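The values are calculated or read from the model by the stated rules, or taken from the named source; none is laboratory data. Computed from a prediction, not measured in an experiment: that's the story for all the values here. Cβ sites come from the backbone with ideal geometry, for glycine too, and all protein chains shown count toward neighbours.
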Amino acid sequence: MANAVNVNFRMDSDLKKNMEALCDELGMSMTTAFTIFAKKMTREHRIPFEVSADPFYSESNIRYLEGIANDIKTGKAHFEEHELLEDED
């Protein structure tokens, strides 16, 4: 690397720990992983993977989940034991 520079940014400590562990399993450093990302991004002029919102966190789903949580807190929710459902192929 002819003119290497340092790049600093903040990251959640658990995310960093998990990424370091994965990079170690793959036999590379985080620097190598970020360099691969940067090279691919600049070569393709795009983020090299799909970026999308998880529908689990949509406003309507959060409202639905909050309603269920409220029903549990107020005793309106009723739970029954049931058979496990199997996926049909």
In region 1-29, anything free of Cβ contacts under 8 Å to residues at least 12 places away in the same chain, touching a helix residue (DSSP H, G or I) at 6+ places or on another chain (Cβ under 7 Å) and part of a helix (DSSP H, G or I) is listed as GLU20, CYS23
Evaluate the following for SER13: is it hydroxyl-bearing (Ser, Thr, Tyr), at pLDDT 95 or above and loosely packed, with under 11 Cβ neighbours inside 10 Å?
yes
Which of the residues belonging to region 46-89 are within 21 Å of the chain's Cα centre (by Cα), surrounded by 10 or more Cβ atoms within 10 Å (Cβ to Cβ), among the aliphatic types (A, V, I, L, M) and over 30 Å from ALA4 (Cβ atoms)?
ILE62, LEU65
Given the structure, is ARG43 surrounded by fewer than 10 Cβ atoms within 10 Å (Cβ to Cβ), part of a loop (DSSP other than H, G, I, E, B) and at pLDDT 95 or above?
no
